[in-house]
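Inspection log for the structure reproduced underneath, given as structure tokens.
Just so it is clear, none of the values below were taken in a lab; they were calculated from the coordinates. Nothing here was measured: the structure is a model prediction, and the numbers come from that model. Note that each Cβ is placed from the backbone with ideal geometry, even for glycine, and that neighbours are counted across all protein chains shown.
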Amino acid sequence: MAMAMVSLHRHRLQLRHTIALTVAIITITAYTDAGSPLQQRGWLTLRAERRVGLSENALRIMPRGGSHDASADEYEAIDESKRLVIVIDVDNTLYSERDLLLSTGQGIESQIVRNTHLFGLLHFNLTSDQCDELYNRYGSTIEGLRHTIPPDQVEHTMAKFYNEVYDPIDFSCLLGMKTNEDNDQVRSGYDHNNALQHRRALADFLKSLSRNYPVYLASNSPKAHVIRVINSMGLGGVDFSGILSPDMDCTLKQDKSYPNELIYPTKSSPHQYYKHLLERYPESTNRIILLDDSLHNLDEAKSVGIDGIHVNKPGRSLEEGLSEAIGHILPPGTVGEDKTFTFSDIKYLQAKNKVDMNAISPVVWDQLAQELALRLHDNNINVLRIADLGAGMLSMLELILLGGGEEDRKKPSLLDLIDKYLELGQKNSYPPHRITKVEYFAYESNSNLLHECKGLLVRLGFLEIEIKSQESLLIFNLPASKSEHDLEITIHLRTIDFREEKTVPSDLDVIIGCCLADLFDPTQFVLSLHRFALGCTSPPLVYLPITFVGTTRFDPAYPSAPSLERNQVIPSDTTAFHIYSDSLTSHGHNLDSNRIVDAMIDYGGSLISRGSSDWFIDPNLNRRLWDTMIYFFGISGAREMMMKYNYDASGWINRCRVHPRTIVVSNVDLLFHLQAQSRAHGVVGGHSLPRTVVGEPRQRVEVQEIQFVAPYNVTTVTKIWDHSDLSRLSPDQVEIESIYSLISSGTELKIFSGSFDSSSLDVNIKGMADKSMEYPLAYGYSLVGRVVACGSNVEDAQSLIGKLVFTFSPHSSRVIVDRDAIHIVPDGITAEDAVFFPSVETAVSLVHDANVRLGENVGVYGQGLIGLLVTSVLSMQFPPLTSSTRCFGSITTFDAIEDRLGVSSSVGATSALKPQCAEAAGPHDVSIEVSGNARALQSAIDNTCNNGRIIVGSWYGNKDVSLKLGIDFHRSDKTIMASQVSTITPALAGLWSKDRRFSLTWAVVKSLQPSRLITKYVPLDEAQQVYEQLDRGEERVVCFKYD
């Protein structure tokens, strides 16, 4: 159940997740692609692609100070025009060994030292003092061994050293320690531990830096160790440009091409260790700064022209060192600085579980079975081990064993699905495999539910075989002879919070948290999962069904209305749920599941599948749950409506009861790998770590593009570009390697269906004016990529290479355009957001043409992509206001698709309504029509005030539009205005130019972060399928992604 904690007394509810409901007001996307497990991981691939290749701007930097920094006296000698490259040491620099030892009693470097001493003793009979002497003299013990053992033993010794010293290291100290707050039974999971706050701040700082500078990690430890540190610290989401480590090249001694190359070079051999970095960033145009805790390493780096900042010394933290590197602070030594109703947790859960079974995403459920079947087969195991961290009344166990849901929403049992996929594997020549036993570890801290849990198990045929009171443990067993699946099932029922488990289950296959994750701070939750899974040899799957993703709403929703009795306003349902969500957020609830995904990735996990699992609570079919929800609204949100906003909260609650309607609660099911499977291959948390070596460009490049060839027919065309042909680029052109391109569904569906005139593509966009709209047609105008080549006349070619740019170009994996036809994406804007540039500009243009004044009420007809962006932009201007029984500054949106209304309410609509509510909600001072539907245009005209304005942003193609413009319209003095983004309206031309509006658009893109609206990422070869889905209204916003 997508739940959110309601503020009740501890003695009323001893369980955090039994009295909650879904009321999030956010915008998030649901990834519900069906297919194989590998196909389901496409989102992970996307995230990895997004992080490859950063915009590396030449930024001004401040001077360094101190013995290993540029001193204050050298300030004038520093060339501030050079590009900054940041290199960060890992051990005792990314983290503080001292802090780890103080908080956990164990560190990472101390383990390295201990293992090094043991290695020296076992293999060379060296004492600890002798090992340390080698360290002090050569910068590392292994470097010292290189210089003191026979040359023919070096390669073997160093390889053995890195295995024996680093493989046994226990990284649990980096996952953090439990605090006293972790034992609070009623807290929602938030922990304000200073160390964790510091860790989050560091991650955010590094993420920001990596969007603006090349940021490398450099360590004398092997690369695998560095990656484990990154994941354990929650830094998997940082876009590091690469890792420098002794094993980055692994040049073999017998390779005669490199006779002078050392095997496993360390920082003590700076010419070789930093070779690739120095080649990529020559000193003439770049300034490389190393942040390290070792003076020896800083001295060595200085000898090859790398500046240094000594960190993790008294008075100089890593954060301070980074701030110094980018000029935020001066270096040391310089100057200046609820009919009657009684709440019952059991009755609530009984009602809720019924709705849960219908809601759970069948796509993600099936994907879970596929992943488990693969895992069981690949690991050659026959025992399925599951942990249920918020077991409630064992509803997930029932679904796993028996299946659940009603009629068309019925799901098969998980065991049946796994058996099906194992049998499919056998048909494909795999060896026979089946499950013989299930071990189920259920954690439920609410002792009020224990009787119900035992009752369910008895009904299912289980026998209670053991009670361990001191361990709060009951064990039940179902022999294989009594199981319909012919396998033994053991239930370990723990009446504790899973975070209190002292002996965590080992070798779990999946951890389940139904309606759980949204009650925690995402980082704390992920850390708890990692601690819980420490006993697992292979990191388990994590399945989080019924997790918050959006809004709570009524279907249909009602607009605001005057409350004459109270001289107040009864808020619209949309506004009421906004307030309720704000209340929950203020009590510490996470209403954004994207944060859960990000936290998983930060700690090395990957998203496998994501699917919508909305609750539909019909007052006729689910009365108990419906009444409970209204009860929750009354004891929480209504108070906020009255106290903070002076709304008639009683009137709103009464309207809900007098007019009971279906409550729709937006949820999502999430399936993860707790640790990304590809981490051993240089991928961390879904983000690939680029090699530090820049390879030779390929001479022949395969380029894909889509072409509309006939109505309802789009195909993918493949071309080969010969990069050895220098004439492919005209002197003033640039070549762009695509990252994303966005489908503009309004326009492109007209082309897909053939509903367009044979005219120019766009007379105002360079490169489109001379191309006519006729089949076959390559189309699209929202593409973001990186510049990979420039023509001979491009003056800024050197700085342009690698830049993230936007271009009005068709969907293609590579494009060639004129230099003056590209827009450099401003710093701080991701490629996913930048691809919305033309759509956001369209929304800005519509709002400009509407000329909305303070206090005017606006109606927006259509909540497709442009409609949602118009709503978002409008919500940025003026807050909604009330005075007595009047509302001002409202944004009322209309659409026939329920899902769009949910998103609309999350991006700023004060009312998000079905079209049949338009008359009750109006009239509006201004109406903006962006639906492409003539009935919506008629409704906009009919429900606009006399003297009001109707802005038509839709393109109707070659369709005839019939409107009723009778006597009422004739007398209304209403203005109908067509709005098109390609030009500036004459009335605004004196103030606004295209360049100024472009700049505003980028600012709006940065603020809105519109990529949260994307519902699906697809490759070009799925174009036909995705255009059909868009045409049927099955998808909202789709983006092509390129490898």
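For every other residue with a beta carbon closer than 10 angstrom to the beta carbon of SER538, add +1 if it is Lys or Arg and -1 if Asp or Glu, then tell me the sum. If you can, show how the numbers build up before the last one.
Values: positive: ARG375; negative: ASP378, ASP507, ASP509.
The answer is -2.
When the Cα positions of VAL870, TRP992, ASN933 are compared along the charge dipole of segment 838-1018, TRP992 comes out farthest toward the positive end, with charges on each C-beta of Lys, Arg, Asp and Glu.
Please work out the Cα center distance from segment 899-949 to segment 798-874, rounded to the nearest Å. Cα centres, segment 899-949 to segment 798-874: 23 Å. Relative contact order of segment 838-1018, taken over Cα pairs closer than 8 Å and 6 or more residues apart, is 22 percent. Stokes-Einstein diffusion for segment 838-1018 at 37 °C, viscosity 0.692 mPa s, with a Kirkwood radius from C-alpha pairs, works out to 197 µm²/s.
Can you work out ³J(HN,Hα) from phi for every residue in segment 301-308, in order, using Karplus 6.51 cos²θ - 1.76 cosθ + 1.60 and θ = phi - 60°, giving whole Hz and x for Gly and Pro? Once rounded to whole Hz, the list reads 5, 4, 5, 10, x, 9, 6, x. Excluding same-chain neighbours fewer than eight residues apart, the lysines reachable from LYS302 by a Cα-Cα span under 24 Å are LYS82, LYS223, LYS267, LYS275, LYS313.
Checking the Cα-Cα distances for LYS347/LYS914; LYS411/LYS437; LYS207/LYS644; LYS750/LYS1016 against a 25 Å cut-off, the pairs over it are LYS347/LYS914; LYS207/LYS644. In a reduced charge model with +1 at each Lys and Arg Cβ and -1 at each Asp and Glu Cβ, segment 409-531 shows a dipole moment near 320 debye about its Cα centre.
Report the rotationally averaged projected area of segment 109-168 based on its alpha-carbon convex hull, in square nanometres. Computing the convex hull of the Cα atoms and averaging its projections yields 3.7 nm².
The aspartates and glutamates whose alpha-carbon is closer than 13 Å to the alpha-carbon of LYS719, local same-chain residues fewer than 8 away aside, are GLU702, GLU705.
Summing +1 for each Lys or Arg and -1 for each Asp or Glu among the other residues whose beta-carbon sits under 15 angstrom from that of PHE161 gives -1. Find the centroid of the Cα atoms in segment 485-519 and in segment 414-479, then give the distance between the two in whole Å. A separation of 10 Å, based on Cα centres. A quarter of the convex hull surface defined by the alpha-carbon atoms of segment 698-829 gives 8.5 nm² as the mean projection. Relative to the Cα centre, the charge distribution of segment 698-829, modelled as +1 at Lys and Arg Cβ and -1 at Asp and Glu Cβ, gives a dipole magnitude of about 300 debye. For segment 911-966, the gyration tensor built on C-alpha atoms gives a prolate shape. Its axis ratio a/c (a ≥ b ≥ c) is at least 1.5, and a/b is the larger of a/b and b/c.
When only alpha carbons are used to place a centre, segment 997-1012 and segment 94-140 end up 50 Å from one another. Placing +1 on each Lys and Arg Cβ and -1 on each Asp and Glu Cβ, with no other charges, gives segment 467-520 a dipole about its Cα centre of roughly 240 debye.
Shape of segment 414-558 from the C-alpha gyration tensor: rounded (a/c under 1.5, with a ≥ b ≥ c the square roots of its eigenvalues). Mean sequence separation of contacting Cα pairs (under 8 Å, at least six apart), scaled by the length of segment 109-168, corresponds to a relative contact order of 32 percent. Could you name the lysines whose alpha carbon sits less than 21 Å from that of LYS468, not counting residues in the same chain fewer than 8 places away? Cα-Cα hits under 21 Å: LYS454, LYS502. Placing unit charges on each Cβ (+1 for Lys and Arg, -1 for Asp and Glu) gives segment 838-1018 a dipole about its Cα centre, and among LEU1013, VAL852, HIS970 the Cα reaching farthest toward its positive end belongs to LEU1013.
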